[in-house]
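Participant: Pasting a structure here, questions to come.
The values are calculated or read from the model by the stated rules, or taken from the named source; none is laboratory data. Since this is a predicted model, take the numbers as computed values, not measurements. Counting neighbours? That spans all protein chains shown, and the Cβs are built from the backbone with ideal geometry, glycine included.
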Amino acid sequence: MLHRSLLVLALVMAASVSVADALGAEPVVRMVPSGNYRIAMPEDGDVRGAYVYFHGFKGSAELQMQQASLMATTLAHHLAYVAVDGTKGGWSFPNGAWTGRDEQAFIAEVLDDLSARDGFTANKIVIGGFSIGASMAWYTACQQGEKAAAMVTFSGVFWNPLPRPEDCVAEIPPMIHFHGTADRTFPLSGRAIGATRHQGDAYKSVAILRRRALCEDEARTRITLDGIDCEVAPGCLRGSSTMCIHGGGHQARADMLDAGLTAVGFPK
C-alpha cells in the first residue's frame with residue numbers, strides 16, 4: 001500500500017514538473033489602478049507579443065492560469081499568456097448580466113501596462129476570451145480595437161440590444177471566432193438570462209463588425225481551420241473577419257487556439 005502511494009505521488013510530481021516545463025516561467029501578478037492581471041512568458045526569450053485573455057463566468061485570472069493547454073499553446077506561439085481578472089467572476093459590459101467597474105478603462109490600463117513594461121504595443125497584442133470573456137473581447141474590439149493586432153475568441157459575442165456598426169471604432173482588428181452548433185450556454189442565436197438580459201446572435205454580431213470594418217461581404221469565401229468549416233469576409237480595413245462554426249458545445253480548445261493564432265499572423 002505504501003509502495004503504491006509513493007508511486008502515485010512520484011507520478012503526480014513528474015507530471016507537475018513536465019507541465020511546468022511546458023508552460024514556461026511562473027505566472028506573475030501585476031496590479032493596475034482598477035484591478036490586476038497575471039502574465040506568463042515563454043522561457044526561451046523569443047517573445048513576440050501577448051495573448052490577452054478574458055475568462056468566462058465565475059472564472060478569475062488565477063483560475064485561467066490553470067488552463068494548462070491554452071497557456072502552453074499560447075507560449076508555443078511565442079506570445080505571453082495574459083489572464084485579465086474580472087470582478088466577482090464576471091465582466092461589466094453593455095447590456096450584460098452585471099454592472100460595475102468601467103471595464104474599458106481597466107483594459108486600457110492593462111494594455112498600457114503591457115506596453116510600458118514589456119514593449120507589447122498594439123501590433124503585438126491579440127485579444128481573446130471565452131463565453132462572457134469573449135463578449136468582453138468583442139466589446140473591447142468595438143470600443144478600442146486600434147489597440148490590438150488581432151482577436152481570437154470562443155463561444156461568446158455581443159449582448160442585446162446589439163451595438164450599431166457606428167457605435168464601434170473603424171479600426172476593428174482582424175478576427176477569428178469559434179462557436180458551436182451544440183452550445184446551449186451561449187447558443188449561436190443567444191438566449192435570455194433572467195428577465196431583462198439576453199445574449200446576442202453570433203451571426204448578427206459578426207455582421208456588425210464586418211460592416212464597420214468595411215469588409216467585402218459579397219466576396220466571402222470558405223476555409224478550413226483545425227478541421228472546422230469557416231466563413232471569411234475579406235477586404236476589411238485591417239484584415240479578414242473569420243467565423244468558424246463547429247459541431248461541439250460551449251468550449252475553448254487549445255487546437256482551435258493553435259489554428260487561430262497561426263491564421264492571424266502569430267505562428268509557432
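Participant: Quick check: is even one residue across the stretch 162-170 surrounded by 20 or more Cβ atoms within 10 Å (Cβ to Cβ), in contact with a helix residue (DSSP H, G or I) (Cβ under 8 Å, 6 or more places away or on another chain) and part of a helix (DSSP H, G or I)?
Facilitator: Among the residues of the stretch 162-170, not one is surrounded by 20 or more Cβ atoms within 10 Å (Cβ to Cβ), in contact with a helix residue (DSSP H, G or I) (Cβ under 8 Å, 6 or more places away or on another chain) and part of a helix (DSSP H, G or I), which makes the answer no.
Participant: Is at least one residue of the stretch 18-28 at pLDDT 95 or above and either crowded, with 17+ Cβ neighbours inside 10 Å or not in a helix (DSSP H, G or I) (or both)?
Facilitator: Yes: the stretch 18-28 contains one or more residues that are at pLDDT 95 or above and either crowded, with 17+ Cβ neighbours inside 10 Å or not in a helix (DSSP H, G or I) (or both).
Participant: Consider residue 261 carefully, then state whether it is of a type outside the set (Phe, Trp, Tyr) and touching a Pro at 6+ places or on another chain (Cβ under 9 Å).
Facilitator: Yes, satisfied.
Participant: If residue 124 meets every condition in (1) over 25 Å from residue 253 (Cβ atoms); (2) modelled with pLDDT of 95 or more; (3) of a type in the set (D, E, K, R) apart from one, which number is that one?
Facilitator: If we test residue 124 against (1) over 25 Å from residue 253 (Cβ atoms); (2) modelled with pLDDT of 95 or more; (3) of a type in the set (D, E, K, R), just (1) comes out false.
Participant: Name the residues in the stretch 210-236 that are in a loop (DSSP other than H, G, I, E, B) and more than 21 Å from the chain's Cα centre (by Cα), would you?
Facilitator: The answer is 214, 215, 216, 220, 234, 235.
Participant: Given the residues 185, 196, 221, which is the only one that is touching a Ser or Thr at 6+ places or on another chain (Cβ under 8 Å), farther than 17 Å from residue 126 by Cβ and not acidic (Asp, Glu)?
Facilitator: Among 185, 196, 221, only 185 is touching a Ser or Thr at 6+ places or on another chain (Cβ under 8 Å), farther than 17 Å from residue 126 by Cβ and not acidic (Asp, Glu).
Participant: Which one is surrounded by the most Cβ atoms within 10 Å (Cβ to Cβ) among residues in the stretch 68-104 that are assigned to a loop (DSSP other than H, G, I, E, B) and either without any contact (Cβ under 8 Å) to a residue 40 or more places away in the chain or among the acidic types (Asp, Glu) (or both)?
Facilitator: Going through the qualifying residues, I end up with 85.
Participant: Please pick out the residue among 247, 227 that is surrounded by fewer than 18 Cβ atoms within 10 Å (Cβ to Cβ), among the small types (Gly, Ala, Ser) and in contact with a helix residue (DSSP H, G or I) (Cβ under 9 Å, 6 or more places away or on another chain).
Facilitator: 227
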